[in-house]
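Student: Below: one structure in structure tokens.
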Amino acid sequence: MTNPSLLILAGDGIGPEVMTEVRKVIAWLGDKRDLTFDVTEDLVGGAAYDVHGTPLADETLEKAQAADAVLLGAVGGPKYDTLDFSVKPERGLLKLRKEMDLFANLRPAQCFDALADFSSLKRDVVAGLDVMIVRELTSGIYFGEPRGITTEGNERVGINTQRYTESEIDRVARSAFELARRRDNKVCSMEKANVMESGILWREVVQEVHDKDYPDVELSHMYADAGAMQLVRAPKQFDVIVTDNLFGDLLSDAAAMLTGSLGMLPSASLGAPMENGRPKALYEPVHGSAPDIAGEGKANPCACILSLAMALRYSFDEGDEATRIETAVEKVLADGVRTADLMQSGDGTPATTSEMGDAVIAALEASL
Ligand code: NAD
């Protein structure tokens, strides 16, 4: 049996710093859990531009297509702000998502009890929150044609088109139902079927997929605006939310903030299954390259460590080890070990990126 393969693209800014801590966890899994990955490393974003003149070299894309999973740090930084749009660091990430056809973006909004006071909502509304937002990522209004700015009479008109095919809705709905089966078995689908034809089709197809193949999963439908209200009123009512690209963009950011800190939020982008049955997959923290703190040892590595946990669960069927990592992070926080982003003024001395990683390893050790 060959080891599963993992391509690490640390990227720019704090990307390489948080990835150093993830490597500690990968090494620990190999040493202590007999779970060894064939790890390859490569460049993406500004780091790739500096060497190759492009934010994603063709060879890197090939490696990503062949890997069982890709783990990415972050891309971007002020040094690259004046570059042409086509070679900006962020284009590397977008190209990766597009070429790998990663159509389902999974954004968990999980509120660790120890961090409930960091939310802008009341503790009892968010403590213990665990919602998964599944956003369609490769179609909808961000890609639909016609688009552009034209002129009608004597004024300009901006045009974008919301367009979904049945198969695009079908496959993302399946991702959501499969996920729900591993969680609390509930899916809420959100669209605007009251005012948009694409929303009517979305609702119909999600319901058909459910009735045909997932009747055991509890399905509800909600208009996306009502969903946004419910998400801040009583977020714990949701388990899995599935929605389109535009609504998902907004709802997942709103849900993320329920949990307090960017430094804690992982994500996964999944595509169609490969020959070995694993989905094409890219795992990355939600945060960016944080140039304001890069190189200072202040970055919180938890989002990236939790992204590895998602990879274990969704690419490698190692749900128990994923839970072990999540529980270790939770324990570290409960013990009061915090990077600066998780502290309020007067809270004492923050842990460095490396100390936070070491504390997670210590908690993993203690879990054996
Ligand atoms: P950002 O997420 O990098 O930072 C926003 C704020 O959150 C900053 O104050 C930062 O210090 C803080 N922060 C973020 N992650 C943190 C962590 N792990 N620990 C502690 N604090 C953390 O967003 P931004 O400042 O808008 O963007 C900076 C650069 O990152 C830009 O070039 C942007 O294009 C890029 N970006 C990349 C991605 C990505 O790679 N997926 C996502 C968003 C932004």
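Student: Can you pull out every residue in the stretch 310-354 that is charged (D, E, K, R) and more than 24 Å from the chain's Cα centre (by Cα)? First the steps, then the outcome.
Tutor: Initially, the stretch 310-354 is screened for residues charged (D, E, K, R), giving 313, 317-318, 320-321, 324, 326, 330-331, 335, 338, 341, 347.
Matches in the stretch 310-354: D335, D347.
Student: Applying the selection to the stretch 81-119, what residues are more than 15 Å from L265 (Cβ to Cβ) and hydroxyl-bearing (S, T, Y)?
Tutor: The answer is T82, S86.
Student: Also: So, V157, is that one at pLDDT 90 or above and in contact with a strand residue (DSSP E or B) (Cβ under 6 Å, 6 or more places away or on another chain) or not? It would help to see each step written out before you state the result.
Tutor: Values: at pLDDT 90 or above: yes; in contact with a strand residue (DSSP E or B) (Cβ under 6 Å, 6 or more places away or on another chain): yes.
Criteria met by V157.
Student: Is the stretch 62-75 home to any residue that is over 26 Å from V360 (Cα atoms) and within 16 Å of the ligand (Cβ to nearest atom)?
Tutor: yes
Student: Among the residues in the stretch 189-209, are any part of a strand (DSSP E or B) and open to solvent by 60 Å² or more (accessible area, probe 1.4 Å)? Can you show your working first?
Tutor: Keep residues of the stretch 189-209 that are part of a strand (DSSP E or B), which gives 189-191.
Next, from what is left, pick out any that are open to solvent by 60 Å² or more (accessible area, probe 1.4 Å): none.
Taking every residue of the stretch 189-209 in turn, none turns out to be part of a strand (DSSP E or B) and open to solvent by 60 Å² or more (accessible area, probe 1.4 Å).
Student: Of (1) surrounded by fewer than 19 Cβ atoms within 10 Å (Cβ to Cβ); (2) in contact (Cβ under 8 Å) with a residue 24 or more places away in the chain; (3) not hydroxyl-bearing (S, T, Y), M343 satisfies all except one. Which?
Tutor: Against the list (1) surrounded by fewer than 19 Cβ atoms within 10 Å (Cβ to Cβ); (2) in contact (Cβ under 8 Å) with a residue 24 or more places away in the chain; (3) not hydroxyl-bearing (S, T, Y), M343 comes up short only on (2).
Student: Scanning the stretch 267-289 for residues that are within 11 Å of the ligand (Cβ to nearest atom) and not β-branched (V, I, T), which turns out farthest from A173 (Cα to Cα)?
Tutor: Here is the first cut: in the stretch 267-289, the residues within 11 Å of the ligand (Cβ to nearest atom) are 267, 269, 282, 284-289.
Applying the additional criterion that residues be not β-branched (V, I, T) yields 267, 269, 282, 284-285, 287-289.
Working: S267: 18, S269: 14, L282: 19, E284: 22, P285: 23, H287: 26, G288: 28, S289: 31 Å.
Filtering first and then ranking leaves S289.
Student: Additional query: Answer yes or no as to whether D117 is open to solvent by 20 Å² or more (accessible area, probe 1.4 Å), more than 16 Å from the ligand (Cβ to nearest atom) and either modelled with pLDDT of 95 or more or out of contact with any Leu (no Cβ under 7 Å at 6 or more places or on another chain) (or both). Spell out the reasoning first.
Tutor: Details: open to solvent by 20 Å² or more (accessible area, probe 1.4 Å): yes; more than 16 Å from the ligand (Cβ to nearest atom): yes; either modelled with pLDDT of 95 or more or out of contact with any Leu (no Cβ under 7 Å at 6 or more places or on another chain) (or both): yes.
The answer is yes for D117.
Student: Can you find, within the stretch 161-188, the residue that is surrounded by the most Cβ atoms within 10 Å (Cβ to Cβ) among those that are part of a loop (DSSP other than H, G, I, E, B) and of a type outside the set (S, T, N, Q)? Spell out the reasoning first.
Tutor: Keep residues of the stretch 161-188 that are part of a loop (DSSP other than H, G, I, E, B), which gives 162-165, 182-185.
In the following step, the residues that additionally are of a type outside the set (S, T, N, Q) were identified as 163-164, 182-184.
Numbers: R163: 14, Y164: 22, R182: 12, R183: 15, D184: 15.
Filtering the stretch 161-188 for residues that are part of a loop (DSSP other than H, G, I, E, B) and of a type outside the set (S, T, N, Q), the one surrounded by the most Cβ atoms within 10 Å (Cβ to Cβ) comes out as Y164.
Student: If a residue must be open to solvent by 60 Å² or more (accessible area, probe 1.4 Å) and without any contact (Cβ under 8 Å) to a residue 12 or more places away in the chain, how many such residues does the stretch 28-52 contain?
Tutor: Here the count works out to 5.
Matching residues to (1) part of a loop (DSSP other than H, G, I, E, B); (2) closer than 22 Å to D184 by Cβ; (3) open to solvent by 20 Å² or more (accessible area, probe 1.4 Å):
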position: E90; (1), (2), (3): no, no, yes
position: K98; (1), (2), (3): no, no, yes
position: L102; (1), (2), (3): yes, no, no
position: N105; (1), (2), (3): no, yes, no
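Student: Of everything in the stretch 274-309 that's without any contact (Cβ under 8 Å) to a residue 12 or more places away in the chain, farther than 20 Å from G260 by Cβ and of a type in the set (D, E, K, R), which residue is least open to solvent (accessible area, probe 1.4 Å)?
Tutor: Restricting to residues being without any contact (Cβ under 8 Å) to a residue 12 or more places away in the chain, farther than 20 Å from G260 by Cβ and of a type in the set (D, E, K, R), the top hit is E296.
Student: Return the pair list, or none, for Cβ contacts closer than 6 Å from residues in the stretch 7-27 that are farther than 14 Å from V44 by Cβ to residues that are open to solvent by 10 Å² or more (accessible area, probe 1.4 Å) and of a type in the set (V, I, T), at least 6 apart or on different chains.
Tutor: K24/I361
Student: Additional query: Return the only residue of E296, E321 being modelled with pLDDT of 95 or more and more than 28 Å from A127 (Cβ to Cβ).
Tutor: E296
Student: Scan the stretch 76-87 and give yes if some residue there is in contact with a Pro (Cβ under 8 Å, 6 or more places away or on another chain), open to solvent by 80 Å² or more (accessible area, probe 1.4 Å) and within 13 Å of the ligand (Cβ to nearest atom), otherwise no.
Tutor: yes
Student: Filter the stretch 290-323 down to the residues that are in contact with a helix residue (DSSP H, G or I) (Cβ under 6 Å, 6 or more places away or on another chain) and assigned to a loop (DSSP other than H, G, I, E, B), then identify the one that is farthest from the ligand (Cβ to nearest atom). Spell out the reasoning first.
Tutor: We begin by selecting, within the stretch 290-323, every residue in contact with a helix residue (DSSP H, G or I) (Cβ under 6 Å, 6 or more places away or on another chain); these are 291, 297-305, 308-309, 312-313, 318-319, 321-322.
From the residues that got through so far, the ones that are assigned to a loop (DSSP other than H, G, I, E, B) too are 291, 297-301, 318.
Working: P291: 6, G297: 11, K298: 6, A299: 4, N300: 3, P301: 7, E318: 24 Å.
By that ranking, first place goes to E318.
Student: Could you give me the residue pairs with C-beta distances under 7 Å whose first residue belongs to the stretch 316-331 and is over 14 Å from A303 (Cα atoms), whose second residue is open to solvent by 20 Å² or more (accessible area, probe 1.4 Å) and polar (S, T, N, Q) wherever it lies, and which are 6+ apart or on separate chains?
Tutor: Between residues of the stretch 316-331 that are over 14 Å from A303 (Cα atoms) and residues that are open to solvent by 20 Å² or more (accessible area, probe 1.4 Å) and polar (S, T, N, Q), the close pairs are R324/S367.
Student: Any residue in the stretch 65-88 that is in contact (Cβ under 8 Å) with a residue 24 or more places away in the chain and farther than 30 Å from F316 by Cα sitting within a Cβ distance under 8 Å of a residue that is assigned to a loop (DSSP other than H, G, I, E, B) and more than 9 Å from the ligand (Cβ to nearest atom)? List the pairs, counting only those 6 or more apart or interchain.
Tutor: Hits for this filter: V87/G53; V87/T54; V87/P55; K88/P55.
Student: Could you go through the stretch 326-335 and let me know if any residue there is within 11 Å of the ligand (Cβ to nearest atom) and either surrounded by 19 or more Cβ atoms within 10 Å (Cβ to Cβ) or modelled with pLDDT of 95 or more (or both). Break it down into steps so the answer makes sense when it comes.
Tutor: Taking the stretch 326-335 and keeping what is within 11 Å of the ligand (Cβ to nearest atom), we get none.
Looking through the stretch 326-335, none of the residues is within 11 Å of the ligand (Cβ to nearest atom) and either surrounded by 19 or more Cβ atoms within 10 Å (Cβ to Cβ) or modelled with pLDDT of 95 or more (or both).
The values are calculated or read from the model by the stated rules, or taken from the named source; none is laboratory data. Quantities reported herein were computed from a predicted structural model and do not represent experimental measurements. Glycine gets a Cβ as well: all are built from the backbone with ideal geometry, and neighbour counts include every protein chain shown. Side chains are part of the model used for accessible areas, which takes the heavy atoms of the whole protein and leaves out ligands, DNA and RNA. Shrake-Rupley method; radii C 1.70, N 1.55, O 1.52, S 1.80 Å.
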